[in-house]
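Chemist: Just dropping this structure here.
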Amino acid sequence: MKKKSKKDNNINQSSFYFEDYIETNRKNKKSKHSNNLQDRIYLLFFFFFSLILIFSIKITFISLNKKDFYNLEEQKSKFFLLRRDIVDRNGFVISRNINTFHVAVDPKQVKDKKKFLVKLKLNFPELKIDEIKKKLNKDKYFRIKKRIDQIEKEKFWALGEKAIKFEPFQARMYTHGNLFSHIIGQVDYDNYGISGVEKYFDKELKNKLLHDKPLKLTLDSNIQYIIDKELNNAIETFKATGGGALLLNANNGEILSLVSLPNFNINHRSDIKDKKYINKITKGVYELGSIFKTFTIALALDHQIVETDTIIKDIPKKIRCSVHEITDLKEHPKDLTVEEILVRSSNVGSVVLAKKIGETKFKNFINRTKLTKSPIVELEEVGTPHKIKWNRCKLETISFGHGITTTPLQVTALYASMINGGKLITPSLVKNNKNSEQKIIISKKTSNEIKNILRKVVSSENGTASLADKDGYYVGGKTGTAESYGNTRNRINSFISMFPSHKPKYTLLVMLENPQLNNDLVYNYRGTKTKAPYNTSGWNSVYITGKIIEKIGPILAINNKESTPQHVVEKIN
């Protein structure tokens, strides 16, 4: 056997080490490959886990936040109000813009027209299917319904028709429906004011710089609701054809409530052409009757022609003027004080005083108070009283409220000046509106005297407004029964009150149009149960006024504790 050399051993040794290195290297490569695979698996796992987590968060977010996904491409991502809110004096919303929709149809996307029409007819029977069918055949895009609410929108969407499209736009919503219909007015489909406050303040309401600042009115929603409800009850009780009421702050002219009935729902866009729906307070023009006797007495006192206790002797039972004969509804004593002429509401007594005053002074008073001009208020719906022709008998008839027309708004504002110290006020619907006009039309002394007499119209035995005498409120006022001016002769029974009489803050007018005598209604008249003997304001408008004051008094913070006792009132001069 041949012996191996050292060289051979070295070669063999080298081979051994070489072979070991290769094997080891193979193992290392295999280990690295395994690690890379694991890294990739982890990376994929993390990627899918992240996707699942993102989708889970998104699903949770969507489920917790309701959003509309109908025709998203047609909807705006941001909702910018085209008109500002309108709120009452307490900040409660009266008018606001909301996002709403028109629903339209793209005929080209309707797969089965017959089936489509059947769906519409079953779900929306009010739609005119025949017209829709004709429009479908023309293959032109068209609307099938305007101004749909959310419920209707969901019903349309549930039909599962791609052809149905929703067109977003802003609509004006009125939170109280009928309650402020004669004041707030309406806007058209392009958000332009077309009536009421919406029209009068159209530019201000669309001012983008005032976007977040609502227009604040003087109205009180709670008081408006109470007066509206009581007046509706009165119309039903006395079978009247309409009515109106106005509550005014006697010192600054703020209108807290303005009600005209019948009213209408301003959320329903429909043309109102019937004249019975006019704003009776600002646009209605009427002869208001004996309410004007207050002005006659005030003029006689202010010009120092008489005193409140001056006795007018030998007042005739009737006065003939041209072909007319002026009489009283009830028989009065022959001799009456100036105060009693107003308390008893004597037509003849008022005529006697008017003659003492004279036509010139009466003309000046009417001109200064602008009774026969259109009223100034933040509405375009205002009436224009008829011009007075100072012919024979005009002075006599005006003295007791006939032959002169005006709006209830103007006469209520003038009454406020009679009891606020003599300052002529301008009625306003807007909070913090500076009242620039502060004419003095009667002296403070005369104003105090008128307050005392108006209180006695309600509180005294011979007064015509006893049914308005509510404990703790010290109501004063004057009744009026007359006819409206125009082609049709309507009877107007009204009562203007003020309270509390020792320091009047509010003036309230209540009027009923064509009330009927209610033979079934039993009154508590000065502690006695009785029925109405006459269809005059003392038996309907006065009665309703008492009910209203009882309910709004607490809201106005006028109660027994704040009122002054009667003996203090009697001493006010």
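Chemist: Can you say whether residue 198 is under 26 Å from residue 84 (Cβ atoms), touching a residue at least 40 places away in the same chain (Cβ under 8 Å) and buried (at least 17 other Cβ atoms within 10 Å of the Cβ), as far as the supplied structure shows?
Modeler: Values: under 26 Å from residue 84 (Cβ atoms): yes; touching a residue at least 40 places away in the same chain (Cβ under 8 Å): yes; buried (at least 17 other Cβ atoms within 10 Å of the Cβ): yes.
Judged against the criteria, residue 198 is a match.
Chemist: Still on this model: Report yes if residue 322 is in contact with a Cys (Cβ under 9 Å, 6 or more places away or on another chain), hydroxyl-bearing (Ser, Thr, Tyr) and either in the same structural domain as residue 451 (by TED's automatic domain parsing) or at pLDDT 95 or above (or both), otherwise no.
Modeler: Yes; evaluated as a whole, the condition is true for this residue.
Chemist: Whether any residue in segment 266-274 is among the acidic types (Asp, Glu) and touching a helix residue (DSSP H, G or I) at 6+ places or on another chain (Cβ under 6 Å) is what I want to check. Before the answer, list the steps.
Modeler: Of segment 266-274, the ones among the acidic types (Asp, Glu) are 271, 274.
Adding the requirement that they be touching a helix residue (DSSP H, G or I) at 6+ places or on another chain (Cβ under 6 Å) leaves none.
Within segment 266-274 (the criterion being among the acidic types (Asp, Glu) and touching a helix residue (DSSP H, G or I) at 6+ places or on another chain (Cβ under 6 Å)), the answer is no, since none of the residues qualifies.
Chemist: If I ask for residues that are under 25 Å from the mean Cα position of the chain (by Cα), surrounded by 15 or more Cβ atoms within 10 Å (Cβ to Cβ) and of a type in the set (Gly, Ala, Ser), which ones from segment 153-184 would you list?
Modeler: Selection gives 171, 181.
Chemist: Looking at 361, 355, 370, 387, which one is at positive phi and of a type in the set (Lys, Arg)?
Modeler: The conditions single out 370.
Chemist: On to the next question. May I ask you to list the residues in segment 139-152 that are modelled with pLDDT of 90 or more and loosely packed, with under 12 Cβ neighbours inside 10 Å?
Modeler: Of everything in segment 139-152, just one residue is modelled with pLDDT of 90 or more and loosely packed, with under 12 Cβ neighbours inside 10 Å, namely 140.
Chemist: For segment 206-232, give me each residue that is free of Cβ contacts under 8 Å to residues at least 12 places away in the same chain and either buried (at least 17 other Cβ atoms within 10 Å of the Cβ) or within 21 Å of residue 264 (Cβ to Cβ) (or both).
Modeler: Listed by number, the list holds a single entry, 229.
Chemist: All but one of (1) buried (at least 24 other Cβ atoms within 10 Å of the Cβ); (2) touching a helix residue (DSSP H, G or I) at 6+ places or on another chain (Cβ under 6 Å); (3) farther than 21 Å from residue 465 by Cβ hold for residue 284, so report the exception by its number.
Modeler: So residue 284 meets the others, but not (2).
Chemist: Let me ask something else. Taking the condition closer than 29 Å to residue 490 by Cα and at pLDDT 95 or above, does residue 248 pass?
Modeler: Yes: the conditions hold for residue 248.
Chemist: Also: Just to be sure, is residue 295 aromatic (Phe, Trp, Tyr), buried (at least 23 other Cβ atoms within 10 Å of the Cβ) and in the same structural domain as residue 462 (by TED's automatic domain parsing)?
Modeler: Spelling it out, residue 295 is indeed aromatic (Phe, Trp, Tyr), buried (at least 23 other Cβ atoms within 10 Å of the Cβ) and in the same structural domain as residue 462 (by TED's automatic domain parsing).
Chemist: Now a separate question. Name the residue, out of 267, 232, that is over 30 Å from residue 542 (Cβ atoms) and not basic (Lys, Arg).
Modeler: Step by step, each of 267, 232 is checked, and only 267 is over 30 Å from residue 542 (Cβ atoms) and not basic (Lys, Arg).
Chemist: Test residue 449 against the criterion of being in a helix (DSSP H, G or I) and farther than 17 Å from residue 289 by Cα, and give yes or no.
Modeler: Yes.
Chemist: Here are the criteria: (1) modelled with pLDDT of 95 or more; (2) within 30 Å of residue 183 (Cβ to Cβ). Tell me which single one residue 289 does not satisfy.
Modeler: (1)
Chemist: Does segment 361-372 include one or more residues that are of a type in the set (A, V, I, L, M) and in contact (Cβ under 8 Å) with a residue 24 or more places away in the chain?
Modeler: yes
The values are calculated or read from the model by the stated rules, or taken from the named source; none is laboratory data. Computed from a prediction, not measured in an experiment: that's the story for all the values here. Every residue, glycine among them, receives a Cβ derived from its backbone with ideal geometry; neighbour counts consider all protein chains shown.
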